[in-house]
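Worksheet: the structure to be examined is printed underneath.
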Amino acid sequence: MKEKFIKVLIFTSGFITILLFVVIIAYILINGIPVISFEFLFANTLNSGREGGILPMILSSIYILILTAIFSIPIGVGIAIYMTQYCKNILLIKFIRFISRCLASIPSIIYGLFGFTFIVLFLRLGWSIFSASLVLSLMAIPTIFQVSEVTLNNIPLNLIESSLGLGATRLQTIISVIIPIAIPGITTGIILALTRAFSEAAAVMYVVGSTFQIPLSIFDTGRPLPLHLYILASEGISFENAYGTATVLIFIVLFITISTNYFVNRYQRRIKYEIKS
Amino acid sequence: MKLKVKNFNVKINNKDILNNININFKKNSIHALIGPSGCGKSTFLKSINRMNDLIDKFTFDGNIFLDDKNIYDIDEVSLRKKVGMVFQKATPFPKSIFENVAYGLRIHGIKDKKFINKKVKESLKASALWDEVKDKLNSSALNLSGGQQQRLCIARTIAVNPDVILMDEPCSALDPISTFKIEDLIQKLKRKYTIVLVTHNMQQAKRVSDFTSFFLNGHVIESGKTNQIFLNPKKEKTESYISGRFG
Ligand SMILES: Nc1ncnc2c1ncn2[C@@H]1O[C@H](COP(=O)(O)OP(=O)(O)OP(=O)(O)O)[C@@H](O)[C@H]1O
Ligand SMILES: [Mg+2]
């Protein structure tokens, strides 16, 4: 009787979660898809976003995504490798874990404020795609680091010892045994962190500017999709185009997630190795 | 003597793990290490190829000599080339069968393709795996059965030309037939290598080894020819252990 009750409870909450997800996505798509046209995707923005397309925003977002990846992946994965493979100081490890947990729990608007005062003003980097990428990297690094650390810690010690036991150095072992096994897990963390950064408006609104121009360099100001969406809606410029922008945002995020999932699965089938994390 | 262990003590976290170990390992022999769980066999084995150096708070004193050379006077990489190790659970790398065996050669900077091919083939033959895998060298090593994986790990170890092979319960995860194959293999390998074999299986120690040392709580209670240890142990503790009265 009790068990049945719990089952029903679990089923209902699961069902509600999925339903909510489907409803939200469907609602956005229904309102957004009619807006999307060739012009919407590939034309310049006109009249504050009431007319024209969102090409500058798409480009801003893609530049920011790429730069953020370049900054945050090596640092996040690097720290995780250092901590799991080299560092023996348990206090230091605990300290880094604590810091990264704190960083991950700071609201994104605070990252935005920090970026404005420190990166834009103090470092005089100005409003730019570059500044936005730095702020988003700060947000992405803790996630990338945390997921990578768990993945790396779950690699069986015997496997590492087998490699070292054959006379391999630490570095050789990391490159040819550890990383190949950890790639799927680490990639999952990277995608989680980067898609979050890609969808972030609050953290970038004070650091990226909000131009309508197509950014030509990473030191230009820009206006990534989420920010554009936020401004269109909050200033009541065009709800129609806001839905269109949201739809494009969702499609890009889905595309990134699904395609990496596909490659990770293929890779995993090829190396036939899965670590639980 | 290939390997000499003199007054060797190990502490981990300041806890005594091994106390005053003295064992000599004869060249081209199989030396079994037996004893109840937790008595320090694996720790001892990993001291020989300095794998314990990885453990934080590992300290030791005493000496281990390989060919009369202190193992701490040999650099880690050359030592581990000379002293290979096979674990309880097979640990193939997530690479092809061929690449698993070639791994040791590649990390030592060997590029000559012909040489690598030849070495891989030789090693797979020596580990009695060649006939089973010769047609699928490029398929993943993780497709092999447990016993085949274990033989692959042996092939991988012998590919780098070690002198000594340390085996930590290499059959404990295997079925009787695979176990038999590995035991057979171990006996063939002793012609070229000196083998240290940790086993929980008394019958296995009896069947394959030339010498046996009995470990208990970090001490070596008794060490000697396998026949002598099993047929006529000098110490009471040894006798009660091999007759199955504890452990
Ligand atoms: N990395 C480590 N950190 C702390 N203690 C350890 C470590 N490795 C081994 N020990 C301790 O050393 C003792 C001996 O362990 P060891 O693994 O050598 O025993 P064993 O004889 O191989 O046992 P088994 O037959 O179960 O494999 C145990 O008390 C164990 O708790
Ligand atoms: Mg053990």
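The values are calculated or read from the model by the stated rules, or taken from the named source; none is laboratory data. Note that the structure is predicted; figures quoted are calculated from it, not measured. Because the Cβ atoms are built from the backbone with ideal geometry, glycine has one as well, and the counts that use them run over all protein chains shown. For the accessible areas, the whole protein counts, side chains as well, though only heavy atoms, and no ligand, DNA or RNA atoms are used. Shrake-Rupley method; radii C 1.70, N 1.55, O 1.52, S 1.80 Å.
Going by the conditions given, is B:PRO162 of a type outside the set (Lys, Arg) and under 29 Å from B:ASN52 (Cα atoms)?
yes
When A:PHE42, A:PHE11 are checked against the criterion of being free of Cβ contacts under 8 Å to residues at least 60 places away in the same chain and surrounded by 11 or more Cβ atoms within 10 Å (Cβ to Cβ), A:PHE42 stands alone in meeting it. Checked against (1) surrounded by fewer than 19 Cβ atoms within 10 Å (Cβ to Cβ); (2) assigned to a loop (DSSP other than H, G, I, E, B), B:PRO162 passes all but a single condition, namely (1). Within the range B:121-147, if we keep just the residues that are open to solvent by less than 30 Å² (accessible area, probe 1.4 Å) and more than 14 Å from chain A (Cβ to nearest Cβ), the residue that is nearest to B:VAL83 (Cα to Cα) turns out to be B:SER127. For the range B:202-247, a residue qualifies if it is open to solvent by 90 Å² or more (accessible area, probe 1.4 Å), touching a Gly at 6+ places or on another chain (Cβ under 9 Å) and free of Cβ contacts under 8 Å to residues at least 24 places away in the same chain, and exactly one does: B:LYS234.
Conditions tested, residue by residue: (1) open to solvent by less than 50 Å² (accessible area, probe 1.4 Å); (2) of a type in the set (A, V, I, L, M, F, W, C); (3) part of a helix (DSSP H, G or I).
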{"residue": "A:VAL208", "(1), (2), (3)": "yes, yes, no"}
{"residue": "A:PHE212", "(1), (2), (3)": "no, yes, no"}
{"residue": "A:ARG223", "(1), (2), (3)": "yes, no, no"}
{"residue": "A:LEU227", "(1), (2), (3)": "yes, yes, yes"}
{"residue": "A:ILE231", "(1), (2), (3)": "yes, yes, yes"}
{"residue": "A:GLU240", "(1), (2), (3)": "no, no, yes"}
{"residue": "A:THR245", "(1), (2), (3)": "yes, no, yes"}
{"residue": "A:ILE258", "(1), (2), (3)": "no, yes, yes"}
{"residue": "A:GLN268", "(1), (2), (3)": "yes, no, yes"}
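Of note, B:LEU152 does not satisfy the criterion of being closer than 19 Å to B:VAL196 by Cβ and within 16 Å of the chain's Cα centre (by Cα). Of the residues in the range B:35-48, at least one is in contact with a Lys or Arg (Cβ under 8 Å, 6 or more places away or on another chain), within 14 Å of ligand 2 (Cβ to nearest atom) and closer than 18 Å to B:LEU166 by Cα.
If you check A:VAL135, A:VAL147 for being aliphatic (A, V, I, L, M), out of contact with any Leu (no Cβ under 6 Å at 6 or more places or on another chain), assigned to a helix (DSSP H, G or I) and open to solvent by 30 Å² or more (accessible area, probe 1.4 Å), only one passes: A:VAL147. Among the residues of the range B:95-120, just one is facing chain A (nearest Cβ under 7 Å) and either in contact with a strand residue (DSSP E or B) (Cβ under 7 Å, 6 or more places away or on another chain) or among the aliphatic types (A, V, I, L, M) (or both), namely B:ILE107. Checking every residue in the range A:157-174 against the condition of being more than 10 Å from chain B (Cβ to nearest Cβ), open to solvent by 10 Å² or more (accessible area, probe 1.4 Å) and among the charged types (D, E, K, R) gives zero matches.
When each of B:GLU122, B:GLU169, B:GLU183, B:GLU132 is tested for being within 16 Å of ligand 1 (Cβ to nearest atom) and acidic (Asp, Glu), the lone residue that passes is B:GLU169. None of B:PHE98, B:PHE58 is open to solvent by 20 Å² or more (accessible area, probe 1.4 Å) and under 26 Å from A:TYR267 (Cα atoms) except B:PHE98. Looking at B:ILE242, B:ILE221, just one residue is within 16 Å of ligand 1 (Cβ to nearest atom), closer than 18 Å to B:LEU45 by Cα and among the aliphatic types (A, V, I, L, M), and that residue is B:ILE221.
So for the range A:66-88 (the condition being more than 30 Å from A:ALA168 (Cβ to Cβ), open to solvent by 30 Å² or more (accessible area, probe 1.4 Å) and not hydroxyl-bearing (Ser, Thr, Tyr)), does at least one residue qualify?
yes
More than 14 Å from chain B (Cβ to nearest Cβ), assigned to a helix (DSSP H, G or I), within 25 Å of the chain's Cα centre (by Cα) and in contact (Cβ under 8 Å) with a residue 12 or more places away in the chain: does that describe A:PHE98? The answer is no for A:PHE98. Counting only strands (runs of 3 or more DSSP E) that sit wholly inside the range B:174-247, those with at least 3 residues that are over 16 Å from B:SER37 (Cα atoms) and not aromatic (Phe, Trp, Tyr) are B:194-198, B:219-225.
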